[in-house]
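In what follows, a single structure is set out as structure tokens and then discussed.
The values are calculated or read from the model by the stated rules, or taken from the named source; none is laboratory data. Everything numeric here is computed off the predicted structure, so don't read it as measured data. No Cβ is skipped: glycine too gets one built from the backbone with ideal geometry, and neighbour counts run over all protein chains shown.
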Amino acid sequence: MKENLTPGKQIERLCREQGISQKMLAERIGVSPSQISRIIREETKSVSSEMLMGLAEVFQVSTDEILGMKPNQKDRKEKETYLPMMLMNTAFEPGKCREFMDSTEDPDIRNMVYAEYAYFSGQHEKAVKLAGKYLTNPNPLMALSACLIYSFANLTLNHISQARQGLDMIAGSLKSYEKNRSGDRKQEALLVFMSAASRVLLHLPAEEMPQLSDYIGELPEGMRLWGCYVMAHEAYLNQQYEKSLGIVQACLALTGKIYPIAEIYLRLVAAMDAMSLRDQELARTYFMEAWELARPDDLIEGIGEHHGLLQGLIETCMKEAYPEDYRRIIEITYRFSYGWRRIHNPDTNEEVADNLTTTEFTIAMLASRGWTNGEIAEYMKMTERTVKQHLTATFNKLNINNRKQLVDYMLR
């Protein structure tokens, strides 16, 4: 009987064949030598996703080879279902995200789930490293997810050329997926969903496609939530705030399980709607619900991305109560906003907005939406004089003279 190829035996064999000592291997992947020894001696049967990726990189082999998978095992693995952005589209109890990730058996799916988590928790370098290995994966949905994570993470890292590369690959993946789809309505729904998300959230040009609302019922529940977020966000961008809020409320009312990441984004867009409708109490309620979903698993990325559209909610709800989390979220805001402007406005002089502090940006957004200095002061818990000082600084930085010009700048 042929001996099973365990990870320990495979690592021992590869070390021997490539002349790498256990100590050297441990240094290269950033673990202790005792961890490598325990795996080789088979005192532990599990290899973490991060360690698995590190081993594959050092030995220049596939993760399948590290795990000792036989061909028939690999064939079964490749037939397992993978949904784009699987972590976002999975239900789990807040605080137990890592348990779900570690329970994922397929090593490639597990690596992609870890890449996704790294992005949504603001660990952009790790997200790029993990997702970068799957940009050309034979599974088109896995490749698309990798490109999405890779693009957004590089954008926040201000790696603009890599972010553009990822966006180009997304566009190519969508065309390839459209060309090779079988005609099944559920597959058609996936294509409509991905196309709508790319058009609304990434501003990528898209071919004429059916309305996402016509296919939303064909999507799995978690992806359906994200599809509702896309539709609500598009309505928000079109200044249809009541419609956007209605989409979110109906979606959340019909949801049977908790999908933390998708629900964070849904509640954030609802908070944006409520602020635009001048309902501060409702806006704070939705924002704090989003924060309570994000906090247990440190899923802070989405909050930072939506800073400007949240119109001061981060400051009024978090600055005093959660100062350290607030600091980290604002850091994401600065980095994401700067990268976003660079990649979507390469031929304009938008970089002047990078001089605005988050407080100045928030006050400018509120002023551009018709708030008086007194209303802004009461909401932001500062004096009217301070509001005037921030607006004066903003006008100087943007090289404008009045609120009408501010409206043209902020809402274009």
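Of all residues being part of a helix (DSSP H, G or I) and of a type in the set (Val, Ile, Thr) in segment 106-142, which is surrounded by the fewest Cβ atoms within 10 Å (Cβ to Cβ)? Just the residue, please.
Ranking the qualifying residues of segment 106-142, first place goes to Ile109.
Assuming Gly370 fulfils every condition listed in (1) under 34 Å from the mean Cα position of the chain (by Cα); (2) within 25 Å of Leu282 (Cβ to Cβ); (3) in a helix (DSSP H, G or I) apart from one, which condition is it?
(3)
From the residues in segment 155-173 that are free of Cβ contacts under 8 Å to residues at least 40 places away in the same chain and of a type in the set (S, T, N, Q), which one is surrounded by the fewest Cβ atoms within 10 Å (Cβ to Cβ)?
Ser161
Which residues, taken from segment 261-284, are farther than 20 Å from Leu237 by Cα and buried (at least 24 other Cβ atoms within 10 Å of the Cβ)?
Within segment 261-284, Ile261 is the sole residue that qualifies.
Take segment 314-330 and flag every residue that is more than 15 Å from Ala294 (Cα to Cα) and in contact (Cβ under 8 Å) with a residue 40 or more places away in the chain.
Glu315, Thr316, listed by residue number.
Looking for whichever is touching a helix residue (DSSP H, G or I) at 6+ places or on another chain (Cβ under 8 Å), at pLDDT 85 or above and either under 18 Å from Phe152 (Cα atoms) or surrounded by fewer than 18 Cβ atoms within 10 Å (Cβ to Cβ) (or both) here; the options are Glu350, Glu324, Glu305, Glu360. Which one fits?
On inspection, the qualifying residue turns out to be Glu305.
Quick test for you: out of Glu360, Glu384, pick the one residue that is of a type in the set (Asp, Glu) and over 19 Å from Leu309 (Cβ atoms).
Step by step, each of Glu360, Glu384 is checked, and only Glu384 is of a type in the set (Asp, Glu) and over 19 Å from Leu309 (Cβ atoms).
Per-residue answers, yes or no, for (1) assigned to a loop (DSSP other than H, G, I, E, B); (2) farther than 18 Å from Gln18 by Cβ; (3) of a type in the set (Gly, Ala, Ser):
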residue: Arg38; (1), (2), (3): no, yes, no
residue: Glu43; (1), (2), (3): yes, yes, no
residue: Met51; (1), (2), (3): no, no, no
residue: Leu55; (1), (2), (3): no, no, no
residue: Val58; (1), (2), (3): no, no, no
residue: Ile66; (1), (2), (3): no, no, no
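Which numbered condition trips up Ser103, out of (1) touching a residue at least 12 places away in the same chain (Cβ under 8 Å); (2) farther than 22 Å from Asn158 by Cα; (3) not acidic (Asp, Glu)?
Against the list (1) touching a residue at least 12 places away in the same chain (Cβ under 8 Å); (2) farther than 22 Å from Asn158 by Cα; (3) not acidic (Asp, Glu), Ser103 comes up short only on (1).
Examine segment 285-298 for a residue that is assigned to a helix (DSSP H, G or I), buried (at least 19 other Cβ atoms within 10 Å of the Cβ), over 17 Å from the mean Cα position of the chain (by Cα) and not aromatic (Phe, Trp, Tyr), and state whether such a residue exists.
Within segment 285-298, none of the residues are assigned to a helix (DSSP H, G or I), buried (at least 19 other Cβ atoms within 10 Å of the Cβ), over 17 Å from the mean Cα position of the chain (by Cα) and not aromatic (Phe, Trp, Tyr).
Which of the following residues is over 26 Å from Val113 (Cα atoms), touching a residue at least 24 places away in the same chain (Cβ under 8 Å) and not basic (Lys, Arg): Gln10, Gln22, Gln18?
Gln18
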